[in-house]
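The values are calculated or read from the model by the stated rules, or taken from the named source; none is laboratory data. Treat the numbers as computed from the prediction; the structure is a model and nothing was measured. Every residue, glycine among them, receives a Cβ derived from its backbone with ideal geometry; neighbour counts consider all protein chains shown. What goes into the accessible areas is simple: the full protein's heavy atoms, side chains included, and nothing from ligands, DNA or RNA. Shrake-Rupley method; radii C 1.70, N 1.55, O 1.52, S 1.80 Å.
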Amino acid sequence: MKASPQKFITIASLSILLSMLTLVLGAPLLRVLRKTYGPRAFWILGLLVTGAAWLLNIQPLALFLGSVWMTLGAYTEFERKGFGWWHSGVLGVLIGSLTAVGGLIIVFKQSGINTYAEVVKLAEQFTTKVQEMNPMAKLDPEILIQQLPSTVVILLMIALGVGLMFERRVFSWLNLPHEKTASQLKLLEYRVPEYMVWVAMIAFLLTMVSFGGKAIAIPAVNIVNVCIVLYFFQGLAVLEVFLNSMKAGVFTRILTYIILVGQLLLVLSVVGWADYWLDFRRRIRKMMKPVENPPSN
């Protein structure tokens, strides 16, 4: 079925609503919108939505929507130019992160916040409000600020990951043709580049051993945070291959994802990291491959 103005309104409305309510679940719809209706409709809508949120004085929403829009849009542009999924993802997340940082600086300037001490004071006000709502929450304002870079990057990575994982289902749900590209990521084959193993190990080491104080430890912690999410997605790919090989039903899948994704996220990250050496997916497929009977004499 061909795209129509009615479907454009449906996709646009749902993507904006889901992004506002859940932060990341609007991403698959944004991917569908860009692929189906082209760059002009995608970017004009993004400017209108982000601009409207900014004019309505909802700057946090404007910052998030703008950065997610930039991440998904940039990824798709690089993907269509033949860039591999890894380079497209890195560039997309980088552009989205710079958009968020630029917007945040503008918000600070407009609010008269010009020094680090003023930013810490703002963070203290935020953590105080959170603790009033949830007394069990223990938040350190300085740690919150120090890990803000990786928080932004991780949110954009998750939005991009959700967009890539579920776009095919959304295409099917909306009965729209799904255009494939040569460089498109095959999710079951998702694998972080090999050199990232050493980046993660060195960054983790720098968080444990003080070589240069906070000047080295803070960037290292942010890198470790990002690597945890990168390897979480690799662990997720390993888990999906395992469930497919076991022909797991819907109930088993839901239960597994609730336990592992909801409660044991770090376990999947460790699985993804160890996959560099152990190649779990090859072992699973080899183990599940039917054994051929030897020819009879």
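Here are the numbers for the structure shown:
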quantity	calculated
Matching option when the condition is farther than 20 Å from SER13 by Cβ and without any contact (Cβ under 8 Å) to a residue 60 or more places away in the chain, among GLU79, GLU132	GLU132
Within region 147-197, considering residues that are under 17 Å from the mean Cα position of the chain (by Cα) and of a type in the set (Gly, Ala, Ser), the one nearest to PHE8 (Cα to Cα)	GLY163
Any hit, region 248-256, residues being open to solvent by less than 70 Å² (accessible area, probe 1.4 Å), among the basic types (Lys, Arg) and not assigned by the TED database to the domain that holds VAL68	yes
Matching residues in region 47-75 - criterion: being more than 23 Å from PRO149 (Cα to Cα) and either within 20 Å of the chain's Cα centre (by Cα) or assigned to a helix (DSSP H, G or I) (or both)	LEU47, LEU48, VAL49, GLY51, ALA52, LEU55
